[in-house]
Amino acid sequence: MNDLLIAARKNKYAIGGFNFNFYDDALGIVLGAYELSSPVFLMASEGTVKFLGVKKIVNYVKQLKEDFNIPIVLHLDHGKNIEIIKECINDGFDSIMYDGSLLDFENNIKNTRMIAELCHDRGIPLEGELGRISGIEENVRNIDDALTNPDSVVEFIERSKVDSLAIAIGNAHGLYKGKPKLDFERLSKINDISSVPLVLHGGTGIPLEDIKKAIKLGISKVNIGTEIKITYFKTIKRYIGTINKNDVRHLISTIQNDIKELIKQYIEIFGSFNRV
Ligand code: 13P
């Protein structure tokens, strides 16, 4: 699975990591990737895993993989709870992120490595996080702004055994208060020394030109979550005023279609179309 990110890095495009909360948005995401022949990371947060259950998610995504012949990577996003992480590893997730960013450097390395070994035993790649991506992630509000220190990158990757690395370069989860300012110089420095592909979290609200620039400078996966949720609700609000307002199936397919179009816009920006 990590080969997808390695190929993206080599050819200077990025693969979208899109968060889903339910089956409707998961299908919308996959339809967008399918129509543009793009690989895709379908990402479940711990909240989504608790809500739907690991087995139901894995079975549903297995069906999506059969129905749509594109690489679909089922990924746990921001895993922090060891029991949930183990369940995902053992029950069929394709890729895991361990988020030890709230720990100090040594403990982040120690835990990340422990999870990396569990993942690698099953041939599953692990994404780690160095630095602290601020903003809101599953009700955890983190106001500390700790950008990734390039001086720690090589040591972190070597000792933790991660296969890809999420970095903090001014990006944040949720909605930005002002215009986000990415530290491109920092990104460039990190990319020069990193042996693994780099991941940009907090994609919602980053100007598209800045996303493109970040990809040119070495980002191989871009995560988008909040905008998918916003699209979901915008569609419902628009729908309520229409003549079909009691038609649940029509509502759901309209949501799927709107999410599909959003995903296609991002895939065009990321450059991952026609890659399968
Ligand atoms: P946004 O919700 O800001 O798009 O970020 C998503 C994300 O990075 C998930 O890991």
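The values are calculated or read from the model by the stated rules, or taken from the named source; none is laboratory data. Just so it is clear, the structure is predicted and the values come from calculations on it, not from any experiment. Neighbour counts run over all protein chains shown; Cβ positions are idealised from the backbone, glycine included. Note: accessible area is taken over every heavy atom of the protein model, side chains too, but ligands, DNA and RNA are not part of it. Shrake-Rupley method; radii C 1.70, N 1.55, O 1.52, S 1.80 Å.
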Note the full-extension length gain between Asn90 and Phe68 as 0.36 nm times their separation in residues minus their Cα-Cα distance, in nm to one decimal. 5.5 nm
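Tell me the volume per residue, in Å³, of the convex hull enclosing the alpha carbons of the chain.
Expressed per residue, the convex hull around the Cα atoms of the chain is 122 Å³.
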Can you send over the solvent-accessible area of Val276, 1.4 Å probe, protein chains only, in Å² to the nearest 10? 90
Please get the size of the charge dipole for the chain, origin at its Cα centre, with Cβ charges of +1 on Lys and Arg and -1 on Asp and Glu, quoted in debye to the nearest 20. 680
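At a Förster radius of 25 Å, what calculated FRET efficiency corresponds to the Cβ-Cβ distance of Asn11 and Arg159, to the nearest 0.05? The partial results should precede the final answer.
Details: r = 29 Å, r/R0 = 1.15.
The value I calculate is 0.30.
Could you check what % of the DSSP bridge pairs in the chain are antiparallel, to the nearest 5? Please report the intermediate quantities before stating the final value.
Details: 4 of 34 bridges.
Beta bridges within the chain, antiparallel portion: roughly 10 percent.
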Round to the nearest 0.05 the FRET efficiency obtained for Phe51 and Asp151 when R0 = 45 Å and r is the Cβ-Cβ distance. 0.70
Non-local amide H neighbours of Gly135 (under 5 Å, H modeled in plane, Pro and chain starts lacking H): which ones? Asn142, His173
Determine how many Å³ per residue the convex hull of the Cα atoms of segment 1-147 encloses. 119
For segment 1-72, take the alpha-carbon Rg, divide it by the Kirkwood Rh, and send me Rg/Rh. 0.98
Provide the solvent-accessible area of Arg275, counting protein heavy atoms only and rolling a 1.4 Å probe, rounded to the nearest 10 Å². 110
Return an integer: the convex hull volume of the alpha-carbon atoms of segment 113-225, in Å³ per residue. 108
Loop-located trypsin sites (Lys or Arg not before Pro) in segment 135-234 whose Cβ has at most 14 other Cβ within 10 Å (DSSP): Lys177, Lys181
Across Gly241, Gly123, Gly16, the residue with the highest GNM fluctuation in the chain (Cα network, 10 Å cutoff) is Gly241
Karplus-derived HN-Hα couplings along segment 83-97 (A = 6.51, B = -1.76, C = 1.60, θ = phi - 60°), whole Hz, x at Gly and Pro: 5, 5, 4, 4, 4, 5, 4, 6, 9, x, 5, 9, 7, 10, 10
If each residue of separation counts as 0.36 nm, what is the full-extension length gain between Arg249 and Ser37 once their alpha-carbon separation is subtracted? 73.7 nm
Within 13 Å, Cβ to Cβ, of Phe20, how many net charges do the neighbouring residues add up to if Lys/Arg are +1 and Asp/Glu are -1? -1
Pairs of lysines in segment 27-105 (C-alpha under 17 Å apart; 8 or more residues apart or interchain): 6
Nearest-ten-degree value, helix 105-121 long axis tilted from longest Cα axis of the chain: 60
